[in-house]
Amino acid sequence: MNIILLGPPGAGKGTQAQRLQSDLSMVQLSTGDMLRAEMKSGSVLGEQAKGIVASGKLVPDALMVGLIEDRIARPDCAGGFILDGFPRTEAQAQALDTMLEKTGKKLDMVIEMEVDEAALTERVVGRFTCAKCGTGYHETFKRPKVDGICDVCGSTEFTRRPDDNAETMKTRMAAYRAQTEPLLPYYRGKGILKKVDGMAAMDEVYRQIRAVLVGA
Ligand code: AP5
């Protein structure tokens with residue numbers, strides 16, 4: 001099954017995609033993570049993206065489409081993938097349709113994570129990530145079982161994203177409203193849009209997503 005998790009910054013796309021990946025053996029394709037890896041490696045693409053990501057604006061479509069097209073073609077995607085952060089514009093959505101058609105794949109479902117905008121800044125500003133294995137945490141909503149130690153790999157090093165601050169969130173939200181929200185009617189028109197309550201506790205959000213995908 002190939003799906004998109006669609007929602008604003010902090011909606012919980014990455015959190016739920018990580019769970020789906022380990023539970024249903026689908027591959028998480030996070031364009032945000034891909035860009036952060038490119039930036040860390042100092043590649044040409046990473047250098048091009050750096051300032052744009054830090055500002056909260058969207059990276060140009062051509063760069064993003066190339067990145068995802070290469071990734072979807074890899075063998076591990078054959079068993080199903082979860083798009084997390086892509087598409088984010090109508091041009092990206094159309095490019096995705098074309099690349100799936102070319103490779104004989106199809107999009108099974110788009111899951112909208114419906115959230116209350118007021119809660120998103122708190123979610124994003126409190127987020128931190130294990131520097132070694134990438135597991136995501138939150139100061140209030142998902143602390144490690146033992147403070148300062150990653151539940152999954154035992155690392156004691158954590159990182160925070162430079163774009164996770166209240167000021168940049170304003171630009172990220174504006175980009176979402178102007179460029180990404182219009183994708184909801186696009187996918188509703190195709191009859192593949194489902195909605196879950198992204199404001200529920202993480203386990204409940206996951207239960208709803210799982211129910212939509214595979215039944216109870
Ligand atoms: P990206 O990395 O995709 O960021 P985003 O879309 O802004 O989404 P986030 O990662 O902030 O949020 P999320 O929905 O994954 O939430 P999470 O699960 O972490 O993109 C970053 C940048 O890269 C963009 O701004 C842009 O510049 C560029 N970019 C990326 N893709 C692009 C594209 N296709 N085109 C152009 N540019 C692109 O949860 C957030 C926090 O809340 C966590 O701490 C979590 O623990 C907590 N939380 C999660 N769920 C719950 C819950 N139910 N209750 C309480 N807390 C919760």
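Here, each number is a calculation from the coordinates, and none is a lab measurement. Worth saying up front: this structure is predicted, and the values here are computed from it rather than measured. Using ideal geometry, Cβ is built from the backbone for each residue, glycine included, and neighbour counts are taken over all protein chains shown.
What is the ratio of the Cα radius of gyration of segment 1-56 to 2.2 N^0.38 Å, where N is its residue count, to two decimals? Can you show the working numbers first?
Values: Rg = 13.2 Å, N = 56, 2.2 N^0.38 = 10.2 Å.
Relative to the rule-of-thumb radius for its length, segment 1-56 sits at 1.30.
Longer than 21 Å from Cα to Cα, which of 13/142; 50/195; 57/170; 142/195; 170/190 are they? Say none if no pair is. Beyond 21 Å: 50/195; 142/195; 170/190.
Close amide H contacts of residue 151 (hydrogens built in the peptide plane, cut-off under 5 Å, sequence separation of 5 or more or a different chain): 145.
How do 101, 122 line up, fewest other C-beta atoms within 10 Å first? Walk me through the intermediate numbers first.
On the way: 101 10, 122 16.
Result, fewest neighbours first: 101, 122.
When the Cα centres of segment 98-134 and segment 145-216 are compared, how far apart do they sit, in Å? Centre-to-centre distance over Cα atoms comes out at 5 Å. Please find, in a Gaussian network model of the chain (springs between Cα atoms separated by less than 10 Å), the residue of 152, 115, 27 whose mean-square fluctuation is greatest. Comparing 152, 115, 27 in the GNM, the peak value goes to 152. Partnerless cysteines in the chain, where a partner means another cysteine C-beta under 4.7 angstrom, comprise 77.
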